[in-house]
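Below: one structure, written as structure tokens.
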Amino acid sequence: MLPQIIFLGTGGDCFVVGKQLRASGGIIIRAEDMQFHIDPGPGALVRAEQYDVNLRENTCILVSHNHLNHANDINAVISSMTHAGLDKKGVLISNRTVINGDNNIDPMLLNFYKNCLERYIIVKENQKIGVGDIEIRTTPTKHGIENIGFKFITPEFSLSYVSDTSYFTGLAEPHKGSDILILNVVNPSGVNSKTNLNSDDAVKIINIVKPKLAIIQHLGIKMIEADPMYEAREIQKKTYTQVIAAKDGMAINPLSYSSSLRQKTLKNY
Ligand SMILES: [Zn+2]
């Protein structure tokens with residue numbers, strides 16, 4: 001399995017996801033011969049088939065929060081990955097509300113599918129989990145519902161998925177050093193929301209994290225209307241960093257942006 005990042009969807013708000021103007025199947029990360037599936041929203045199975053991803057190969061599912069566009073297909077993905085529990089396997093890393101819910105929130109995960117997994121891990125922000133040779137750190141967010149971001153540190157590259165959040169002091173710092181930074185930029189420059197990022201926030205975060213590549217995705221209807229490619233170019237101009245607006249089905253080789261690999265290669269000369 002080659003290292004790869006595949007976008008099974010880039011849609012953000014309920015308008016874009018509701019009409020499937022952009023897909024919402026989550027993000028696949030392949031590293032160290034393992035397959036990670038982040039935030040499987042509506043249509044995850046359909047998009048996996050469409051973009052040649054075999055969900056049976058999922059090692060680990062990571063769900064940042066209990067919103068429909070991030071978690072709706074969690075049960076379907078577990079079913080697909082385990083043959084509905086005939087082959088009990090895989091790990092789910094997520095928070096309390098997704099796995100157990102609370103007094104006001106029904107969990108997206110059904111008990112039957114919880115039991116199809118080899119293991120589930122309930123996490124909060126600022127924790128570390130080891131999956132094989134990969135370290136996954138959970139990072140803080142502010143989204144009006146319990147939520148976490150993820151930072152992957154693999155032997156070959158590092159990647160951050162900041163997840164849905166408003167901008168706050170201390171949001172970007174835990175992601176420093178990531179080669180690839182995936183930002184859920186729901187809104188274009190000048191459009192503010194109390195729970196999500198816009199392009200101006202993306203500039204601030206990129207200037208602190210200083211990744212090799214920043215990817216904007218999880219696009220809302222105002223972002224689609226403003227043109228994500230234009231927004232990406234404007235962010236790039238203000239950060240002197242390569243910025244891409246993700247498209248559905250886009251696949252990236254993370255090793256092209258790895259600073260640790262580059263150092264290793266230099267050492268050989
Ligand atoms: Zn959300």
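The values are calculated or read from the model by the stated rules, or taken from the named source; none is laboratory data. Every value quoted in this text rests on a predicted model; they were computed, and no experiment measured them. As a convention, Cβ positions derive from the backbone with ideal geometry for all residues, glycine included, and neighbour counts pool all protein chains shown.
A few comments on the model shown:
- Among residues of the stretch 116-154 being aliphatic (A, V, I, L, M) and in contact with a His (Cβ under 9 Å, 6 or more places away or on another chain), the one that is nearest to the ligand (Cβ to nearest atom) is I145.
- Flag for Y167 being within 16 Å of the ligand (Cβ to nearest atom) and crowded, with 19+ Cβ neighbours inside 10 Å: no
- Segments classed as strands (runs of 3 or more DSSP E), wholly inside the stretch 126-174, with at least 1 members that are among the hydrophobic types (A, V, I, L, M, F, W, C), in contact with a helix residue (DSSP H, G or I) (Cβ under 7 Å, 6 or more places away or on another chain) and at pLDDT 95 or above: 158-161
- Within the stretch 55-82, the residues that satisfy the criterion of being touching a Pro at 6+ places or on another chain (Cβ under 9 Å), within 16 Å of the ligand (Cβ to nearest atom) and outside any helix (DSSP H, G or I) are V63, N66, N72, D73.
- Conditions (1) in a loop (DSSP other than H, G, I, E, B); (2) at pLDDT 95 or above: number failed by Y269: (2)
- So F150, is it under 16 Å from the mean Cα position of the chain (by Cα) and more than 17 Å from Q217 (Cβ to Cβ): no
- Some residue of the stretch 37-54 being touching a strand residue (DSSP E or B) at 6+ places or on another chain (Cβ under 6 Å) and of a type in the set (S, T, N, Q): no
- Within the stretch 206-229, residues that are farther than 15 Å from N192 by Cα and among the hydroxyl-bearing types (S, T, Y) reach no partner that is crowded, with 24+ Cβ neighbours inside 10 Å and at pLDDT below 95 with beta carbons closer than 7 Å at six or more positions or on different chains.
- Among the residues listed as F157, F112, the single one being surrounded by fewer than 15 Cβ atoms within 10 Å (Cβ to Cβ) and either away from the ligand (no atom under 16 Å from the Cβ) or not polar (S, T, N, Q) (or both): F112
- Condition met for L2 (modelled with pLDDT under 95, out of contact with any helix residue (DSSP H, G or I) (no Cβ under 7 Å at 6 or more places or on another chain) and more than 16 Å from the ligand (Cβ to nearest atom)): yes
- Given (1) free of Cβ contacts under 8 Å to residues at least 40 places away in the same chain; (2) in contact with a Phe, Trp or Tyr (Cβ under 9 Å, 6 or more places away or on another chain), number of the condition A251 does not satisfy: (1)
- Residue pairs whose Cβ atoms lie under 7 Å apart, separated by 6 or more positions or on different chains, with the first residue in the stretch 89-104 and on the phi < 0 side of the Ramachandran plot and part of a loop (DSSP other than H, G, I, E, B) and the second loosely packed, with under 15 Cβ neighbours inside 10 Å and modelled with pLDDT of 95 or more, are K89/E118; N95/I122; N95/K124.
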